[in-house]
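I have placed the structure first, in the form of structure tokens, so that the comments after it can refer back to it.
Each reported figure results from applying straightforward, stated rules to the coordinates on display, with no laboratory input. What you see is a predicted model; the values in this text were computed from it and never measured. Cβ sites come from the backbone with ideal geometry, for glycine too, and all protein chains shown count toward neighbours.
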């Protein structure tokens with residue numbers, strides 16, 4: 001029998017999921033071409049890889065600015081302007097004349113990326129129905145996942161037209177995403193420019209400041225959690241795992257891609273059930289379980305006897321990631337409780353990016369000094385710490401607005 005009690009999701013959710021899918025599709029096409037294009041300028045492999053770091057660093061540094069812009073101009077304008085900055089910088093990067101121009105343009109793209117990411121997250125958590133926050137987070141993650149999986153498929157075709165072609169393709173998909181979201185949200189009151197609060201509204205807590213959020217145990221645990229998750233999933237998995245495949249198992253880039261694809265497959269299988277479990281069982285048990293699964297798998301992968309065992313381990317890690325990712329966004333929505341909170345969302349985004357920047361750097365250095373076991377062991381320890389943090393606090397579903405404004 002069809003479940004008729006499920007709340008209907010606001011149209012803003014579907015617009016942002018469509019926009020996220022389009023962005024992820026384009027990024028999946030351009031990502032492999034970025035370091036290869038940098039090498040065309042005759043720079044070293046380190047300099048080519050630094051392009052990725054420049055983008056991530058600018059995302060990290062511009063997060064507070066993005067939070068302020070959301071609070072001042074609203075989510076729709078911030079999203080549209082941010083995504084247009086990425087589009088224009090990406091389109092210009094296709095015609096960069098030298099390495100310096102390429103670095104600067106990618107850095108500008110990082111600023112725009114933070115703007116539209118913070119705006120999209122802020123709007124999603126604002127409009128998510130309280131009893132469907134996990135479901136909304138799963139839909140959002142699934143849109144990015146599907147786009148990320150299809151991107152490399154199109155990337156092979158687009159790259160056949162030259163290394164500049166993926167940048168032009170990404171430029172086009174970003175324009176499409178900006179158009180879809182701007183048009184779909186043009187009448188959305190939730191996404192519009194904030195109306196100045198009256199004294200009564202301010203007293204009632206219509207907006208949540210970062211300082212107030214930091215006094216909420218669930219938000220503090222969330223910051224540790226997204227840092228550890230960013231370190232593991234956005235940092236070590238993408239940068240150190242392919243090196244492990246090459247050094248320990250003698251695999252090439254294709255084999256590494258299959259191992260990463262196993263992770264994506266595990267993620268895809270549980271991404272929708274995870275949202276449902278977050279809304280029915282609660283955030284806490286799902287987050288604790290997911291972090292524990294991630295910790296065990298990251299500790300185990302360097303001890304794998306072969307590459308296909310490593311792929312199986314990463315499949316399980318992907319399932320653990322599916323448990324964690326929607327739950328973290330749902331906790332953020334619980335803390336904000338449908339109030340304004342651009343700086344609160346920016347803090348959440350900044351800690352995730354910080355983990356993604358520090359993870360590869362620290363883990364890479366540890367690999368050189370002590371080996372893969374220690375590098376993945378440190379990553380597992382961070383994930384254990386996050387799991388313990390979630391176990392020590394009440395479930396965020398029980399938060400009332402007054403609890404997060406003390």
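Placing a pseudo-label 7 Å from each Cα along the Cα-to-Cβ vector at residue 68 and residue 36 gives an inter-label distance of 4.0 nm. Taking label positions 7 Å along the Cα-Cβ direction at both residue 172 and residue 253, the computed distance is 2.3 nm, reported to one decimal. Size descriptors for the range 127-166: radius of gyration and Dmax over Cα atoms are 15.9, 48 Å. When you count the other C-beta atoms within 10 angstrom of each residue and take the mean per peptide, 326-336, 131-141, 28-38, 208-218 line up highest first as 326-336, 131-141, 28-38, 208-218. Stokes-Einstein diffusion of the chain at 4 °C, 1.567 mPa s viscosity, Kirkwood radius from Cα pairs, rounded to a whole number: 60 µm²/s. FRET efficiency for the pair residue 11 and residue 215, taken as 1/(1 + (r/R0)^6) with r the Cβ-Cβ distance and R0 = 35 Å, rounds to 0.55. Taking all Cα-Cα distances within the range 205-406, those exceeding 28 Å account for 27%. A straight line joining the Cα centroids of the range 23-102 and the range 296-365 runs 21 Å. If R0 is 35 Å, the Cβ-Cβ spacing of residue 101 and residue 281 corresponds to a FRET efficiency of close to 0.10. Model label sites at residue 381 and residue 183, defined 7 Å from Cα along the beta-carbon direction, differ in position by 5.3 nm. Shape descriptor for the range 73-217: Rg over Rh equals 1.05 (Cα atoms; Rh from the Kirkwood inverse mean 1/r). In this structure, residue 308 and residue 150 have a Cβ-Cβ separation that, at R0 = 25 Å, corresponds to a calculated FRET efficiency of about 0.50.
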